[in-house]
Amino acid sequence: MSAPRPFRHRHLLDIASLAPQDVVQVLDASEVFFEVSRRPVRKVPTLRGKTVINLFYEASTRTRTSFELAGKRLSADVVNISTSASSVTKGETLLDTVKTLEAMRPDVVVVRHSASGAPAYVAERLACSIVNAGDGQHAHPTQALLDAFIVRRRLGTLSGLTVTICGDVKHSRVARSNAELFRAFGSTVRVVGPRTLLPPNAEALGVEVYDRLEPALRGAHVVMVLRIQRERLEGALLPSLREYSRTFGINERTLAYAPPEAIVMHPGPMNRGVEIDPRVADGPRSVILDQVEAGVAVRMAILYLLAGEAGAAPVA
Ligand code: CP
């Protein structure tokens, strides 16, 4: 058997930096770790002796927990830093914080930050690998990779699909990363929502823009629902959540515009009853909890590809 191909990247900062073959490499490695995560003993020695630091400047449940589990299931030493309980509260800068962490010789630092570009800024200044766990409105590459993992498993391909992204695209790093990924594989990406929640240059992103759900969902293979980011709306972009829900919410009535085999995704956390009705979120077409499960496997794959020994198999 030939040795695994080394990953061509030192960092994972966005989807735009990855070629389709890199995405396939991540997803293939994720399949191995998905199987590991379903074993009675969900631990392999792949990253024994390696250190992963999770540095989160923003709240997170899914991403942070799954990176922690991913590192632990690979036998790495994992340290979680919540900035609200760190010296950031005393005024320490991002650069001083990461330089301090670097002095402790981690192999990977996973960064979530409200400022677009913060992980890239850190990557230019540190010797270890940096993983972007979500930066501002820019990118959330591991979310797009785990979404692609589920789509490939459910639909058998990433090509030739129609992926409709619904809602608050303007503020969404998830939308941006998914649009880049699915377009790179030759799928059609549609965005739909009120104009105030779509980026002004949406067409320039290579996506089709709709202002009504019915045509946007017609023929869609994937219905990707985004969270209404109440914290970023500043009151002016939506007349009311009730009206938004009536016009753009995904419920049993509006989901009927899509083909019966279309799957429903949501990166979480959800506003139940706003962008998605609980009967859809918990219904048979929802893959939302599958996305969460895939998150651990995909993040194991990323840590393995960035910090594993060159040529070492994912699982010995
Ligand atoms: N999807 C996602 O990034 O969720 P968290 O904010 O809980 O990590």
(message) Please list 3J(HN,Hα) in residue order for the stretch 303-316, calculated via the Karplus relation 6.51 cos²θ - 1.76 cosθ + 1.60 where θ = phi - 60°; whole Hz, with x for glycine and proline.
(response) 5, 4, 5, 8, 10, x, 5, 4, x, 7, 5, x, 10, 5
(request) Rank-order 87-95, 175-183 by packing density, defined as the average count of other C-beta atoms within 10 Å over each peptide's residues, highest first. (result) 175-183, 87-95
(request) Can you figure out the FRET efficiency of Glu102 with Asp28, using R₀ = 25 Å and their beta-carbon distance, to the nearest 0.05? (result) 0.20
(request) For the chain, build the convex hull from the C-alpha positions and give me its volume per residue in Å³. (result) 136
(message) Angle check, please: helix 20-36 long axis (alpha carbons) against the longest principal axis of the chain (alpha carbons), in degrees 0 to 90, nearest 10.
(response) 80
(message) Could you identify which residue out of Pro119, Pro269, Pro141 has the top mean-square fluctuation in a GNM of the chain using Cα springs shorter than 10 Å?
(response) Pro269
(request) Using a 1.4 Å probe over the heavy atoms of the protein chains, calculate the carbon and sulfur portion of the accessible area of the chain as a whole percent. (result) 51
(request) Taking 7 Å along the Cα-to-C-beta vector as the label spot, tell me the Arg48-Arg285 distance in nanometres, rounded to one decimal. (result) 4.8
(request) Pop the C-beta distance of Arg39 and Arg195 into the FRET formula with R0 = 51 Å and round what comes out to the nearest 0.05. (result) 0.60
(message) If I fit a long axis through the Cα atoms of helix 141-155 and take the longest principal axis of the Cα atoms of the chain, what angle between them do I get, 0 to 90°, rounded to 10?
(response) 60
(message) On a 1.4 Å probe surface of the protein chains, which of Glu261, Glu31, Glu208 comes out largest in accessible area, and what is the full order?
(response) Glu261, Glu208, Glu31
(request) Can you tell me how much longer the chain between Asn80 and Ala204 gets when fully stretched, taken as 0.36 nm per residue apart minus their C-alpha distance, in nm with one decimal? (result) 40.8 nm
(message) Expected output is a single nm value to one decimal: the length gained when fully extending between Ser2 and Glu58, i.e. 0.36 nm times separation in residues minus the C-alpha distance. What is it?
(response) 16.0 nm
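The values are calculated or read from the model by the stated rules, or taken from the named source; none is laboratory data. Nothing here was measured: the structure is a model prediction, and the numbers come from that model. No Cβ is skipped: glycine too gets one built from the backbone with ideal geometry, and neighbour counts run over all protein chains shown. The accessibility values were calculated without ligands, DNA or RNA, using every heavy atom of the protein model including side chains. Shrake-Rupley method; radii C 1.70, N 1.55, O 1.52, S 1.80 Å.
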